[in-house]
Amino acid sequence: MAITHVKGPLPGPRSRELLDTWHSYEADVTGFQAPVVWETARGCQVTDVDGNVFLDWTSGVLVASVGHCHPHLVQAVQQAATQILNNYECANVQRIQAAKRLVEALPPHLDKCFFLTTGSEATEAAARLMRRATARYELLSFIGGFHGRTYGAASMGGMAGPKRGYGPSLPGIIRAPFPNPYRDPEGWCTGGPKYKRYFDHLDLIIEANATGPLAGLIVEPYQGANGFVFPPAGWLKRLEEWARARGMLVTLDEVQASYGRTGRMWAMEHEGLKPDIVTIGKAIGCGVPVSAVAATSQVFSCLQKGEMSSTLGGNPMASAGVMAVLDIFEKEKLVENSAAMGAYMLERLQALGARSRYLGDVRGMGLVIGLEFVKDKETREPAKDLARRVIVDSANQGLLVGSVGMYGNVIRVAPPLVITKDEADESLAIMERVVMGLEG
Ligand SMILES: Cc1ncc(COP(=O)(O)O)c(C=O)c1O
C-alpha cells in the first residue's frame, strides 16, 4: 500500500488559509517551496494540516538526518529541558559530555571543539580562528560557495543571493573558481591529477589580489547551495597541499556534508583530508539548534580565555541533542544506510536522466544527489522554471523536494538517512513520473 496520499491540488484548504495568515504577519522572504503547511513529521514522512501525507527528500534543509522527530532525540531533549534550559558559559553536564562525544566521533587530529548555534556562526568563528592563529589577514574562498548569511559568512560566500544589494563585502577575501565537472568552460577539471591548469591560475589570482601571505581558506567538500556541485576527484586533496605549502590554514565547511550525508561520517574521509578547522551544523542536532567549530588544539591555543562564546552555544538541550544524534547514528548504522541507499537511488536517477530530455546531470555521493535541469542537453542552458515545476508537481503527487543552485535549476535529493527501500522506491516512482511528465 502506498505511503503517500494527497487529496486534490495543493494547497489544501487549511494550508491555504494558514499560508495567507503567515504572509500577513511574517515577511514573505523565504525561498520557493511547495504550498504545504507541515503539521507532523516522522522518519521520512510528513503530514500536512490537510491530512496529506508526503515522502520527504528535503530533511528540512539536510538537517533531519536521523529522521524527523526520532523518539530517542525527542526524549533526550525533553529530559534536558526539564533540568536546565540555559546557563550560558557555566559548566553543565550535557555540554561536557557532548564535547567529549563529538571529539571522539571526529578524526583524531581534530581534538577540540566549541559549540555554537548556527552554521553561519561556525563560519564566523572559523574565520576568526584562521586570522588569529596565523596573525595574517586575508582569506581564500570560492565562487559558488555558501557559508551562511551573516555578514562575514556571506562575504566568504560566492553566491549573489546573500550579497546583492548590500554594498561592499568585507575586505580581505579573495575568491577563486570552484571546479564544476558539468560546467567547465575554462577546463579547470583538466590538467592531470595535479590540476596544473587550475592551480597555475589560482597562483595568478593570489599574486594579483593578495597584499601578503594568506591566513587560510574555507571550502565546502561539495558546493551545497550552488547545486550539489562535486569537485573532481583529488582536487580537494591538492588544494590542501597547495595551502599547506603556503602556511595557510584549511577550514572545511562540513555544515551540510557531515554526519553521513555523503556516505561517510565526515566528507573529509573520502580523500583523507586533514583540515585544521571544520565547521559542523545542520545534522549535528537534527533539528535541535546547534552547531560547532572543531579544530586542532594548536589552532585553538591562539585564543585567550573569554575570546569565544555565544549566548545559546552548548546549552543543555542542544548538547543533549548532540549526544542523542550520535547514539542514533551508531545504533542504526545510518552512515552505512546512506551509502547503500544513496548508491541505489543514484543509479535509478541516472537512468532517469538518460531517458529525460531536460535532466542534464545527475550527480551525488551517499544521500546527497543533485538533479540539474536544463532547457537543452547540448547547450546546458539552466531551466529554473522546470525545477520549480518539478517542486510543485512532485508535491502534488506526494513527494517534497527543494531546489538549489546558482541558477536555481537543481533539485535536491537529500532524504533523511533512515530512508527505507520501500520509501525510496515509492519516492523514485513519483520523481520518474514527474520528470517524464515534462516531456509532453
Ligand atoms: C555549507 C554551509 N555552510 C554554512 C551554512 C549556514 O548555516 P546556517 O543556515 O545554520 O547559518 C549552510 C546552510 O545552508 C551551508 O549549507
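A few remarks follow.
- For the stretch 306-382, GluC sites (Glu not before Pro) meeting the loop criterion (DSSP other than H, G, I, E, B) and having at most 13 other Cβ atoms within 10 Å: Glu307, Glu378.
- The loop-placed GluC sites (Glu not before Pro) in the stretch 127-209, going by DSSP, that have at most 13 neighbouring Cβ atoms within 10 Å of their Cβ come out as Glu186.
- Placing +1 on the Cβ of every Lys and Arg and -1 on the Cβ of every Asp and Glu, with no other charges, gives the stretch 39-155 a dipole of roughly 600 debye about its Cα centre.
- Peptides 93-102, 359-368 ordered by packing proxy, namely the average of other Cβ atoms within 10 Å per residue, highest first: 359-368, 93-102.
- The chain, helix-only ellipticity at 222 nm - DSSP H runs n ≥ 4, -39,500 (n - 2.57), divided by all residues, nearest 500: -11500 deg cm²/dmol
- Summing Cβ point charges (Lys, Arg +1; Asp, Glu -1) relative to the Cα centre of the chain gives a dipole of roughly 720 debye.
- Overall, the ratio between the Cα radius of gyration of the chain and 2.2 N^0.38 Å, rounded to two decimals, is 0.97.
- Pairs exceeding 20 Å between alpha-carbon atoms, taken from Lys163/Lys196; Lys163/Lys274; Lys194/Lys377; Lys237/Lys274: Lys163/Lys196; Lys163/Lys274; Lys194/Lys377.
- Of all lysines in the structure, those lying under 17 Å Cα to Cα from Lys384, and not within fewer than 8 positions of it along the same chain, are Lys375.
- Per-pair calculated FRET efficiency, R0 = 22 Å: Leu170 and Ala135 via Cβ, rounded to 0.05: 0.75
- Taking other Cβ atoms within 10 Å as a rough exposure proxy, Tyr166, Tyr198 sort from fewest to most as Tyr166, Tyr198.
- When the GluC sites (Glu not before Pro) in the stretch 1-53 are filtered for DSSP coil states and for at most 12 other beta-carbon atoms within 10 Å of their beta-carbon, the remaining sites are Glu26.
- 24 Å Cα-Cα reach of Lys305 towards lysines, excluding residues that sit fewer than 8 places from it in its own chain: Lys100, Lys112
- Shape analysis of the stretch 267-325 yields a ratio of the Cα radius of gyration to the Kirkwood radius, Rg/Rh, of 1.02.
- Distance from the alpha carbon centroid of the stretch 72-119 to that of the stretch 355-406 works out to 37 angstrom.
- Computed over the stretch 71-332: relative contact order in percent, which uses C-alpha pairs under 8 Å that are six or more apart: 31 percent
- Set of the stretch 294-311 residues, backbone N closer than 18 Å to the point 7 Å along the Cα-Cβ line of His109: 294-302
- Counting neighbouring beta carbons within 10 Å and listing from fewest to most, the residues Val37, Val29, Val250 come out as Val29, Val37, Val250.
- Listed by Cβ neighbour count within 10 Å, with the fewest neighbours leading, Asp28, Asp253 appear as Asp28, Asp253.
- Value in Å of the Kirkwood radius, where the stretch 1-158 supplies the Cα pairs that are averaged: 19.8 Å
- For the stretch 71-332, the dipole from Cβ point charges (+1 on Lys and Arg, -1 on Asp and Glu) about the Cα centre works out to 240 debye, to the nearest 20.
Computed from the coordinates by the stated procedures, all read-outs in this text should not be read as laboratory data. None of the values given here were measured: they were computed from a predicted structure. As a convention, Cβ positions derive from the backbone with ideal geometry for all residues, glycine included, and neighbour counts pool all protein chains shown.
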